[in-house]
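The values are calculated or read from the model by the stated rules, or taken from the named source; none is laboratory data. No experiment lies behind these values; they were computed from the predicted model shown. As a convention, Cβ positions derive from the backbone with ideal geometry for all residues, glycine included, and neighbour counts pool all protein chains shown.
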Amino acid sequence: MSTTRSELLQAFDALLQPARFKDYGPNGLQVEGRAQIQRIVSGVTASRALIEAAIDAKADAIFVHHGLFWRGQDGCVTGWMKQRLALLLAHDINLYAYHLPLDAHPELGNNAQLGRQLGLSATARFGEQELGFLGGRADGGSFASADALARHLEYALNRPVVQVGQTHGAIKKIAWCSGGAQSYFEAAIAAGADAFITGEISEPQAHYAREMGTVFIACGHHASERYGAPAVASQVATQFGLAHEFIDIDNPA
Ligand SMILES: [Zn+2]
């Protein structure tokens, strides 16, 4: 089965509704490739390693969370940008990228899928553009301590986490936002969360965690964002009868 480049774009747009977001780069078709598509590779970041793996997999399209173009770039096609673009263009591969719309989708997005991986369910949203998820354990239970929550995350994500702060009692109300959402910590505290989970931590959040009694856990930017792209790509691939494969290029950050 196959579809066209523009039908695939319409399907991603219909699902993720990029017009609703103020984002840091273009969402949608970032690099135009061949017109007919049979095979999609999804991944977290349009790195050279992912593009090379997609070429080996004979992909017609790549679907990622982190595309090539961001606000603040100098706009020159040199160095790593030249290398990545040259590979895509030489192999006529389409690159579709969705950033905040992919974080936000209520069932298939990074936050929803991270929650699923962690056994959490959301009852509310918080923070800028309502990207943050707020809820607790899907089974209605709680975590006995910050350490118990951290060990649970390490088991569920199969990687070490950075944990700062303690609570007095059990952890029931949990806020999370995938990727580099450390700036959402204060909104999570204001929302009454016992713990906040994101990918990265910066220096100020360690102090806020200690001073405010809200636990901060950084579980890795990549690790927190590897579930949305395959969920969306596989749903859209099924819709058109296309082949789909998620390729995880590991990243310790
Ligand atoms: Zn990210």
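Odds and ends about this structure:
- Single residue of the stretch 183-230 satisfying the filter (acidic (Asp, Glu) and closer than 16 Å to residue 120 by Cα) that is nearest to the chain's Cα centre (by Cα): 225
- Filter result for residue 54 (without any contact (Cβ under 8 Å) to a residue 12 or more places away in the chain, more than 16 Å from residue 25 (Cα to Cα) and outside any strand (DSSP E or B)): no
- Among the conditions (1) in contact (Cβ under 8 Å) with a residue 12 or more places away in the chain; (2) more than 16 Å from the ligand (Cβ to nearest atom), the only one that residue 104 does not satisfy is (2).
- Boolean, residue 144 is in the same structural domain as residue 119 (by TED's automatic domain parsing) and either more than 16 Å from the ligand (Cβ to nearest atom) or farther than 21 Å from residue 250 by Cβ (or both): yes
- Sole residue being touching a residue at least 12 places away in the same chain (Cβ under 8 Å), under 22 Å from the mean Cα position of the chain (by Cα) and assigned to a loop (DSSP other than H, G, I, E, B), chosen from 63, 69: 69
- Residues satisfying the stated conditions in the stretch 136-169, i.e. touching a residue at least 12 places away in the same chain (Cβ under 8 Å), farther than 17 Å from residue 188 by Cβ and either touching a helix residue (DSSP H, G or I) at 6+ places or on another chain (Cβ under 6 Å) or among the basic types (Lys, Arg) (or both): 156, 157, 159
- Considering 233, 243, the condition of being farther than 25 Å from residue 183 by Cβ and surrounded by 24 or more Cβ atoms within 10 Å (Cβ to Cβ) is satisfied by 233 alone.
- All of 34, 39 fail the test of being under 20 Å from residue 240 (Cβ atoms) and crowded, with 16+ Cβ neighbours inside 10 Å, apart from 39.
- Meets criteria (within 16 Å of the ligand (Cβ to nearest atom) and outside the structural domain of residue 155 (by TED's automatic domain parsing)) for residue 90: no
- Exclusive hit being under 25 Å from residue 128 (Cβ atoms), away from the ligand (no atom under 15 Å from the Cβ), touching a strand residue (DSSP E or B) at 6+ places or on another chain (Cβ under 9 Å) and of a type in the set (Asp, Glu), set 60, 13: 13
- Count of the stretch 170-183 residues which are touching a helix residue (DSSP H, G or I) at 6+ places or on another chain (Cβ under 7 Å) and either under 18 Å from residue 110 (Cβ atoms) or modelled with pLDDT under 95 (or both): 7
- Considering (1) free of Cβ contacts under 8 Å to residues at least 40 places away in the same chain; (2) within 16 Å of the ligand (Cβ to nearest atom); (3) buried (at least 24 other Cβ atoms within 10 Å of the Cβ), the lone condition that residue 250 does not fulfil carries the number (3).
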